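Engineer: Before I ask anything, let me first share the structure, which is written out below as structure tokens.
The values are calculated or read from the model by the stated rules, or taken from the named source; none is laboratory data. A quick note: this is a predicted structure, and the numbers were derived from the prediction, not measured. Neighbour counts are summed over all protein chains in view; Cβ atoms, including those assigned to glycine, are modelled from backbone coordinates with ideal geometry. Accessible surface is based on the protein model in full, side chains and every heavy atom, while ligands, DNA and RNA are left aside. Shrake-Rupley method; radii C 1.70, N 1.55, O 1.52, S 1.80 Å.
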Amino acid sequence: MYPVSQEFQDKVRSYNRKIFGKVQIDYSDPFIDQSVQIATNENNHTSYPRQIADGVQEPIGKYIALDGTWTLGNDTLVLAPGPGEEEKAQMGWWGSSLSDANGGFATNPKLTVTFFSRPIRSLKVVGDSKRNEFPVDFVMTLYGGGDTILYQETVVDNTQINWDKSIEQINEVIKMEIEISKWNMPNRCVKILEFFTSIQETYGQDDIFSIELLEERETSSGSLPVGNISSNEITIRFNNESKKFDIGNKQSSLYNLIKPGRRIRVWAGMEKDDGEQELVPLGVFWAKNWNIPEQKVYAELVGRDRLESLRNTTFSTSIVEVNKSLYDLAIEVLTDAGLKENEYWVDEELKNIVIPYSYFEPQSHREALRKIAEAGLGQVYCNREGIIRVEGSSFTQTRIENSVVTTFLKAEFPANVEIVDAYGITNDDCFSKSNPSRMEKVANIVEVETQPLRPGAIQEVYQTNEGIPIAAGETKTLTIYFNSTPCIDVSLSIEGTGTIQSSTIYAWGAGITVTSASTGTFKIIASGKPLTVQNKDKATAKDNTSIIENGELRYTFPANPLVQDVAMAQNIADKLLAYYKDPKADLNINWIGNPALELGDVVTVYDYYTEEIQERGYYYITKQELEITGDLRARLEGRRAI
């Protein structure tokens, strides 16, 4: 559960509560909007001009520069970030030319940002706060199509590190430029941390008609929920009485910005007695569809979380990974998709599952993650902070076991007892409740077939069909594709005229450069060990008692290329049987809801209630639907935990 105050918990159960939402949309972000292009007329040997449009205005420290500000042994300065380190260290644009004694330049440093047509309502330029350096005299220019000047701001004798100015809205700007003619210190290069003004808008309760959230960890597939991966969805209806969201409204501050791919952050909460708002996050999403009916007074936005975008990106491995764990493979997939370390979490339990040979044919990053989760009997989903979580099979059960607390019950049972620390939902909180028992989620015979990748004998895996002509002194580069993939231990040879100057060998083929001192033809021959699925085994687990009571209910685990040995297959079969051999009454409730509850949290409800007998059940949340319209209604699905 997201941490909230006791006042929040009390008010969320009250009859006169008022729940409202908050939405923040980044309409322009250079890492979302690939139309943003940044150019300079000069750069230092270490300079990151793209950072001038990322919204970060502070460098991580005072960078060392050979301009007289650094002496050997001065440990208060830091090294500039090297290649690949710029994601963790803000530096911005550093020019190459130095200012003269008066702060002027022989050639004025210039920074230009181009983008799709958009409105501009403010200007900003930020210098280096750690070095106390900033532009003194500069000109900012906004351009329309055909380099038409739409607006120009000339600044003289600026004294601020962070300079900004609000202006009357200028529409259809496609380029903005700053030319710096004077710096505040002599013998310095320009250092700009921020220039491009991103457009971010925040909407409160008066701007929002409704928010609907769908989040889930398990998808209904008519079978056992194995290897689950799902995308959460948000639907927001904004007040559009002003026609601000209308696509054709050129006077709107959002003109030309109502597009898919915009990042959305959503919160829900309430106002406390002291007037402060207490909000909990509902997730991070990216705009998928906008619906703005002209006859209505609302604009509707549908967004999906990060996992949805991984459907449209491709992952493939160029080499065969040997003895890599599911943990390592998951991180490889996530980093290949462009995620940073703070944007995902992988369960260390997956380090215990090592795959002898792993190779991924081209497929979506999402599908690769699904196969990893399936092989580990885990699940993949996004949490409320937008972090992709890859959990192992024991994560939820371990969490439940760790939530057992010892308490002293007075009343009729004056003794210390162990109970599960869970969020209690009473009958008064529920509009309706059911405990469905689904036989399609029961299996008393589980079969898991291995897909063992094994190397074959060394053999020819490629030979050029016809001789390739090459002239004296010529260099040829070619790509070959093996007859069988993947392959390991590949060697290359050449027949005829020429020599192999260099080569890069992959699991699927090779890139080769051939040179020759004389004219002739050549052929390339590749030999290696193809990896193929050989000698499949089948692991079976069954429960005779369940078979007698329920009849044979067979489940065949999907063929998964990462399940390669009998021990792993048997472990999968045993775990699935242990959990799914008996029918379980799960939980479906329509209730007043609590936005602080998250997927995987444990709730307790009355399974049976009379004045004499109260039987409680414990369930972990697998799916939630929240509807916020000033109040809150919720639908919750849970899987029995105990």
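Engineer: Estimate the FRET efficiency between Arg13 and Glu168 by the formula 1/(1 + (r/R0)^6), using the beta-carbon distance for r and 56 Å for R0, to the nearest 0.05. Spell out each step's value before the answer.
Structural biologist: On the way: r = 49 Å, r/R0 = 0.87.
Calculated value: 0.70.
Engineer: Under the rule of -39500 (n - 2.57) per DSSP H run of 4 or more residues, summed and divided by the residues of the chain, what mean residue ellipticity at 222 nm is obtained, to the nearest 500 deg cm²/dmol? Don't skip to the answer; put the middle values down first.
Structural biologist: Details: 7 runs with 63 residues, N = 642.
One gets -3000 deg cm²/dmol as the mean residue ellipticity at 222 nm.
Engineer: Further, regarding this structure: Per residue of segment 589-601, in order, report the coupling 6.51 cos²θ - 1.76 cosθ + 1.60 (Karplus, θ = phi - 60°) as ³J(HN,Hα) in whole Hz, putting x for Gly and Pro.
Structural biologist: Result, rounded to whole Hz: 9, 9, 8, 6, x, 8, x, 7, 6, 10, 4, x, 5.
Engineer: Right, something else. Can you compute the charge dipole magnitude of segment 38-149 about its Cα centre, using +1 on each Lys and Arg Cβ and -1 on each Asp and Glu Cβ, nothing else charged? Give it in debye, rounded to the nearest 20. If you can, show how the numbers build up before the last one.
Structural biologist: Working: 9 positive and 13 negative charges, 73 e Å.
For this selection, approximately 360 debye.
Engineer: Two decimals, Cα atoms only, Kirkwood Rh: what is Rg/Rh over the chain?
Structural biologist: Numbers: Rg = 31.0 Å, Rh = 29.7 Å.
Rounded to two decimals, Rg over Rh is 1.04.
Engineer: So for Val126, Val490, what's the accessible-area order with a 1.4 Å probe, most first? Don't skip to the end; give the middle numbers.
Structural biologist: Values: Val126 5, Val490 25 Å².
The ordering from most to least exposed comes out as Val490, Val126.
Engineer: Looking only at segment 275-308, which residues have a backbone nitrogen under 15 Å from a spot 7 Å from the Cα of Thr202 in the C-beta direction?
Structural biologist: Of the residues in segment 275-308, 276-282 have backbone N under 15 Å from the label point off Thr202.
Engineer: Now for a different question. Identify, among Thr504, Thr610, Leu492, the residue whose Cα sits farthest towards the positive end of the charge dipole of segment 485-642, taking +1 on the Cβ of Lys and Arg and -1 on the Cβ of Asp and Glu, with the dipole about the Cα centre.
Structural biologist: Going by the Cα projections, it comes out as Leu492.
Engineer: Using the Cα gyration tensor of segment 241-317, with a ≥ b ≥ c the square roots of its eigenvalues, what is the shape: rounded (a/c below 1.5), prolate (a/b larger than b/c) or oblate (neither)?
Structural biologist: Details: a/c = 2.65, a/b = 1.09, b/c = 2.44.
It is oblate, given that a/c is not under 1.5 and a/b is not larger than b/c.
Engineer: Using the basic label-point model (7 angstrom from Cα toward the beta carbon), what is the Ile548 to Glu367 distance in nanometres?
Structural biologist: A separation of 4.6 nm, rounded to one decimal place.
Engineer: Under a point spin-label approximation (7 Å from Cα along Cα-to-Cβ), what is the Leu478-Glu87 distance to one decimal in nm?
Structural biologist: So the label points at Leu478 and Glu87 sit 3.8 nm apart.
Engineer: Students often check this: by mean Cβ neighbours within 10 Å, which of 320-328, 230-238 ranks highest, and how do the rest follow? Spell out each step's value before the answer.
Structural biologist: Numbers: 320-328: 18.0, 230-238: 21.9.
Packing order, densest peptide first, comes out as 230-238, 320-328.
Engineer: With respect to the cross-link table entries Lys371/Lys581; Lys182/Lys340; Lys62/Lys272; Lys351/Lys529; Lys244/Lys288, which display a Cα-Cα separation exceeding 30 Å?
Structural biologist: Values: Lys371/Lys581 24 Å; Lys182/Lys340 38 Å; Lys62/Lys272 42 Å; Lys351/Lys529 28 Å; Lys244/Lys288 19 Å.
In this structure, Lys182/Lys340; Lys62/Lys272 lie more than 30 Å apart at Cα.
Engineer: Counting Lys and Arg as +1 and Asp and Glu as -1, each charge on the Cβ, what is the dipole of the chain about the Cα centre in debye, to the nearest 20? Please report the intermediate quantities before stating the final value.
Structural biologist: Details: 64 positive and 91 negative charges, 220 e Å.
I would put it at about 1060 debye.
Engineer: Could you tell me the distance between the Cα centroids of segment 109-123 and segment 468-499, to the nearest Å?
Structural biologist: Cα centroid to Cα centroid, the span is 49 Å.
Engineer: Which order do you get for Trp290, Trp183 if you rank them by accessible area with a 1.4 Å probe, largest at the top?
Structural biologist: Result, largest first: Trp290, Trp183.
Engineer: Just going by the charge dipole of segment 431-474, with Lys and Arg at +1 and Asp and Glu at -1 on Cβ, which of Val461, Thr450, Pro436 is farthest out on the positive end?
Structural biologist: The one lying farthest along the dipole's positive direction is Pro436.
Engineer: Given the options Leu214, Ala330, Ile480, identify the residue whose Cα lies farthest towards the positive end of the charge dipole of the chain (+1 on Cβ of Lys, Arg; -1 on Cβ of Asp, Glu).
Structural biologist: Value: Ile480.
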